[in-house]
1. Search the range 248-269 for residues that are within 30 Å of Arg22 (Cα to Cα) and of a type in the set (Val, Ile, Thr) and pair each with any residue that is at pLDDT 70 or above and loosely packed, with under 11 Cβ neighbours inside 10 Å when their beta-carbon atoms are under 9 Å apart and the residues are at least 6 apart or on different chains.
2. Which of (1) part of a helix (DSSP H, G or I); (2) at pLDDT below 70; (3) surrounded by fewer than 17 Cβ atoms within 10 Å (Cβ to Cβ); (4) of a type in the set (A, V, I, L, M) does Ala260 not meet, given it meets every other one?
3. Which of the residues spanning the range 148-180 are assigned to a helix (DSSP H, G or I), of a type in the set (Ser, Thr, Tyr) and over 17 Å from the mean Cα position of the chain (by Cα)?
4. Could you grab the pairs with beta carbons closer than 7 Å, sequence gap of 6+ or different chains, first residue in the range 116-143 and free of Cβ contacts under 8 Å to residues at least 24 places away in the same chain, second one of a type in the set (S, T, N, Q) and buried (at least 18 other Cβ atoms within 10 Å of the Cβ)?
5. Restricting the search to the range 172-203, which residues are farther than 16 Å from Leu97 by Cβ and among the aromatic types (Phe, Trp, Tyr)?
Amino acid sequence: MMTPKEIIAEAWAITKKERRIRHWGFASTLLETLLEAKLVFWQVHFAYTYFTTGEVVQFFEIEAILYRVLPFWLFLTIIIFFILLVLIEFFMPKMCLGAIIGLSAKAHRKEELRGGLVLALYNFWPIFAIHEIFVFSNITTTITAISLILRYGGSGNFKYTAVGLIVFFFIISSILKFFASFGEEAVVIRKMGIFGAIGHSFKLIISYLGHVVFLILLLIMISLRILMNALMIFFIPATAIGLGLLLVRFLPAALGYTIATIVSATLFLVLSYFLSYLHVFKQTVWTITYLELSQKKELDIIIEEKEDATASQ
């Protein structure tokens with residue numbers, strides 16, 4: 001079995017060498033961050049309005065404002081585009097994950113990197129189901145759910161009880177998701193079913209938790225990516241708003257906001273490109289680790305079928 005240092009070194013070499021895997025990683029990082037940025041922007045808007053005016057923003061207030069100030073055809077175009085974009089941002093990263101896992105496994109096994117689209121499409125639904133089982137492990141989703149309860153949960157102790165339950169589900173879901181971390185790899189590489197893959201992941205991690213120190217390194221890398229994503233999510237909208245307010249003092253409002261949007265979009269693409277390296281690297285480390293561990297004999301099996309057949313002969 002490869003040592004943690006060898007796994008990390010090979011994962012980084014694959015990340016730098018294989019452009020096809022980075023393309024899928026860039027698409028995944030870009031779309032995930034776009035979706036999270038929208039959720040954060042909405043929560044910041046709701047919180048700012050509440051603490052400055054004391055009013056609770058209605059759920060479709062921004063859409064209502066656009067409906068009043070824009071021509072109907074333009075309003076309808078924006079809403080349809082927004083809905084389509086959110087659907088792409090929600091579903092596409094799961095497809096990208098299947099391609100990243102499959103291609104990185106092929107790269108590790110020195111196979112030709114073909115079939116990225118097939119891997120993405122074929123493994124989409126199992127990966128999507130695994131993610132949704134642990135939906136409350138996503139911090140952005142948890143914050144959004146808590147915000148909705150605090151705004152629309154009414155008065156009394158009910159909403160605080162509901163918030164406590166969501167926090168409890170977040171903790172439990174995060175722990176379970178950690179032990180199911182190899183679930184996606186089992187789906188893509190061994191074509192296991194959803195619950196079979198999760199069970200296989202639990203067994204691997206519990207069996208070798210004390211043997212593999214690299215799990216701690218992976219947690220650190222995951223935390224680093226989450227921190228960088230969080231900074232990126234807050235930094236880009238803040239840059240857009242600040243630059244727009246600055247430019248409208250010297251330029252016409254339309255031109256100032258257009259320049260701010262272009263600069264922010266460019267900055268968003270550049271940061272997403274660099275974050276995609278970290279995303280692909282982390283996933284490749286995890287994939288190689290799964291390949292190495294799954295080759296070892298399972299600890300609850302004393303005599304394997306091959307050994308038994310050989311002995312009987």
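The values are calculated or read from the model by the stated rules, or taken from the named source; none is laboratory data. Quick caveat: nothing in here was measured; it's all calculated off a predicted structure. All Cβ positions, even for glycine, are placed from backbone atoms using ideal geometry, and neighbour counts span all protein chains on display. When the accessible area is computed, the model is the full protein with side chains, heavy atoms only, and any ligands, DNA or RNA have been set aside. Shrake-Rupley method; radii C 1.70, N 1.55, O 1.52, S 1.80 Å.
1. Correct list of pairs: empty, since none qualify.
2. So the condition that Ala260 fails would be (3).
3. Across the range 148-180, the qualifying residues are Tyr152, Tyr160, Thr161.
4. Within 7 Å, no pair qualifies.
5. Selection gives Phe178, Phe179, Phe195, Phe202.
For every residue, the table says whether it meets (1) modelled with pLDDT of 90 or more; (2) β-branched (Val, Ile, Thr).
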| site | (1), (2) |
| --- | --- |
| Gly25 | yes, no |
| Glu32 | no, no |
| Leu39 | no, no |
| Ile83 | no, yes |
| Gly98 | yes, no |
| Gly102 | yes, no |
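Residues are listed down the side, and each one gets a yes or a no for (1) open to solvent by less than 40 Å² (accessible area, probe 1.4 Å); (2) within 26 Å of Ser104 (Cα to Cα); (3) at pLDDT 90 or above:
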| site | (1), (2), (3) |
| --- | --- |
| Phe158 | no, no, no |
| Phe178 | no, yes, no |
| Ala186 | yes, yes, yes |
| Arg190 | no, yes, yes |
| Ala197 | yes, yes, yes |
| Leu204 | yes, yes, no |
| Val213 | no, yes, no |
